[in-house]
Each structure stands twice: as C-alpha cells, then as structure tokens.
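Notes to accompany the following structure.
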Amino acid sequence: MTTDLETRLQAQITAQNLMIEALLEAAIRAGQLDPRALLDKLEQFVSAPKASFVNRNAIAAVMGEVGAWADMISGRYLEVKDSSPERSLR
C-alpha cells in the first residue's frame, strides 16, 4: 500500500525528471551541452570501481538510474552507429 509520503515523493521525482529533461533539451539545442561528453561521463561513472563499504543494493539502483539516463541521452541525441540499439552500459 502506498502512503501519502510515498505518493508525494514519487510525484516530486517525476516532476524533477521532467524538468531535467527539459533543461537537457534546451542546453543541447543551444549548443551549451555536448551530449557525447555527457554520455561519456555517465559511462565512466558506471564503469568506475565502487567502494566496498557502500551498500551494493543502493549502488546498483544508482547505476541502473544512471544507465537509464544514458540510454535516454543516447537514444534522443546521438546517432546509433552500430547495428545494436543497446549501448555498452548493460
């Protein structure tokens, strides 16, 4: 059962994602943000070693979210140059 707090937090996350996507779109269209450089930075984060004391479930969740953002950026702003639509993060 979803609590009011969970519902409110999910609504905030959804609204923040919409704002982030709009800001990314504006920055990329204005030439202020290189989508390839951003994608490279996200891929570096995912492939970097993680501290052993960090909660593995939490890190896996963050890596999954970073991978999803990278997929979105790749799919929207970069041409797929190989025959596979998937990127190297997965």
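Only residues that are in contact with an Asp or Glu (Cβ under 7 Å, 6 or more places away or on another chain) and either β-branched (Val, Ile, Thr) or open to solvent by 90 Å² or more (accessible area, probe 1.4 Å) (or both) were counted across segment 64-82, and they come to 0.
Residues in segment 36-49 that are outside any helix (DSSP H, G or I) and either over 16 Å from residue 67 (Cβ atoms) or charged (D, E, K, R) (or both): 1 in all. Within segment 51-75, the residues that satisfy the criterion of being of a type in the set (D, E, K, R) and without any contact (Cβ under 8 Å) to a residue 12 or more places away in the chain are 56, 65.
Quick grid of which residues meet (1) under 13 Å from the mean Cα position of the chain (by Cα); (2) surrounded by 13 or more Cβ atoms within 10 Å (Cβ to Cβ):
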{"residue": "21", "(1), (2)": "yes, yes"}
{"residue": "28", "(1), (2)": "no, yes"}
{"residue": "38", "(1), (2)": "yes, yes"}
{"residue": "44", "(1), (2)": "yes, no"}
{"residue": "50", "(1), (2)": "no, yes"}
{"residue": "62", "(1), (2)": "yes, yes"}
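Here residue 33 meets the list (1) in a helix (DSSP H, G or I); (2) surrounded by 11 or more Cβ atoms within 10 Å (Cβ to Cβ) almost entirely, failing just condition (1). Of all residues in segment 2-26, those that are more than 19 Å from residue 68 (Cα to Cα) and not in a loop (DSSP other than H, G, I, E, B) total 7. Say whether the condition of being modelled with pLDDT of 95 or more and among the β-branched types (Val, Ile, Thr) is met by at least one residue in segment 14-22. The answer is yes; a qualifying residue exists.
The values are calculated or read from the model by the stated rules, or taken from the named source; none is laboratory data. Remember, predicted model here, so these are calculated numbers, not experimental data. So basically every Cβ, Gly included, is an ideal-geometry build from the backbone, and we count neighbours across all protein chains shown. Please note that ligands, DNA and RNA were not included when accessible areas were found on the heavy atoms of the full protein model with its side chains. Shrake-Rupley method; radii C 1.70, N 1.55, O 1.52, S 1.80 Å.
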